[in-house]
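Take a look at the structure below.
Bear in mind these aren't lab numbers, they're just calculated from the coordinates by the rules spelled out. Keep in mind the model is a prediction, meaning the values are calculated, not measured. Here the Cβ positions follow ideal geometry from the backbone for every residue, glycine too, while neighbour counts run over all protein chains shown.
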Amino acid sequence: MTDIQESGPELTIRKWHTIIEEVHTTEIGRLADDTPLVKLVIAATILNPYAGQFGTDLSAAVGASHALGQAFASRLIEAAGKRGIMSYGKACIVGERGEYEHGNAFLTTAFADPIRAAIGGGKAWIPSTGKRGGLGTIIDVPLANKDALYVRAFYDTVTASFGDAPNSDEIVVILAAATRGRLKARLGGLQHGDIKGEDGLV
């Protein structure tokens with residue numbers, strides 16, 4: 001997988017962020033059933049090409065997001081190491097001179113498909129959220145099973161913030177992933193082992 005050229009007429013990346021969280025017990029101290037839960041966040045702080053203006057055509061951001069997705073996929077696989085990715089989510093934080101729609105333009109299928117290809121499977125849609133905010137804005141990124149949305153044990157979030165980002169003319173594009181479902185999940189319903197078929201349904 002190739003990385004993205006980090007500057008150009010449509011896309012300038014100021015910095016990359018990688019956060020790894022490894023969870024060994026539940027909130028009340030019960031040891032993990034099987035392996036620990038590892039949550040990963042990959043994010044890029046990008047100059048918003050639409051900051052301070054309204055435009056009906058956001059195709060430049062959508063077009064650039066395919067290469068961006070390839071770069072995210074490469075960094076996610078590197079951060080995960082030998083761990084498999086079982087769930088995912090995406091988000092954006094848009095600086096105050098931009099619109100939420102500007103951030104969403106970087107999170108379409110063009111962005112997501114290289115990530116699905118890299119982790120294998122990825123039959124389910126990727127849950128998404130976003131907001132406008134300033135430096136250090138905190139965001140909760142939703143997680144769900146990569147192959148079937150309705151696997152209850154995988155409903156989760158990752159909380160992240162990025163220090164000096166976003167500036168007013170920037171967007172933080174965020175990908176979150178996890179190596180398993182919640183520790184000690186016990187609410188029943190569809191299990192990951194029940195998933196089969198092209199559409200991720202039983």
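Let me check I've understood the local charge: for Thr159, count other residues with C-beta under 11 angstrom from its C-beta, Lys and Arg +1, Asp and Glu -1. What total comes out? All intermediate terms of the calculation are to be shown ahead of the outcome.
Numbers: positive: Lys39; negative: Glu21, Asp140, Asp156.
Once all neighbours under 11 Å are counted, the net charge is -2.
Helix 59-80 sits at what angle to the longest principal axis of the chain, using alpha carbons and giving 0 to 90 degrees rounded to 10?
40 degrees
For every other residue with a beta carbon closer than 12 angstrom to the beta carbon of Gly120, add +1 if it is Lys or Arg and -1 if Asp or Glu, then tell me the sum.
Taking every Cβ under 12 Å from that of Gly120, the sum is +2.
Fewest first, what order do Val23, Val151 take by the number of other Cβ atoms within 10 Å? If you can, show how the numbers build up before the last one.
Working: Val23 16, Val151 24.
Neighbour counts put them in this order, fewest first: Val23, Val151.
Any chance you could give the angle, 0 to 90 degrees and rounded to 10, that helix 109-119 forms with the longest Cα principal axis of the chain?
40 degrees
So, in segment 13-194, how many Lys pairs have Cα atoms under 16 Å apart, if the pair is 8 or more places apart or on different chains?
The number of close lysine pairs in segment 13-194 is 8.
Can you check what the net charge comes to around Thr45, using other residues whose Cβ is under 9 Å from the Cβ of Thr45 (Lys, Arg +1; Asp, Glu -1)?
0
Calculate, in nm to one decimal, what Tyr100 and Ser168 gain on full extension: separation in residues at 0.36 nm each, minus their alpha carbon distance.
23.2 nm
Give the order of Ile13, Ile20 when sorted by the count of other beta carbons within 10 angstrom, beginning with the fewest. Write down the numbers at each step before the final one.
Working: Ile13 18, Ile20 12.
The fewest-first ordering by Cβ neighbours comes to Ile20, Ile13.
Give me the one-decimal nm value for the distance between modelled label points at Ile138 and Thr157, 7 Å along each residue's Cα-to-Cβ direction.
My value for the distance between the label points is 1.0 nm.
By per-residue mean of other Cβ atoms within 10 Å, what is the highest-first order of 101-107, 118-124?
Most protected by this proxy first, the peptides run 101-107, 118-124.
For the chain, what is the mean residue ellipticity at 222 nm derived from helices alone (per DSSP H run of n ≥ 4: -39500 (n - 2.57); sum divided by total residues; nearest 500 deg cm²/dmol)?
Taking each H run of at least 4 residues, the total per residue is -6000 deg cm²/dmol.
How would Asp57, Asp164 line up from fewest to most surrounding beta-carbon atoms within 10 angstrom?
Going from least to most buried by this count: Asp57, Asp164.
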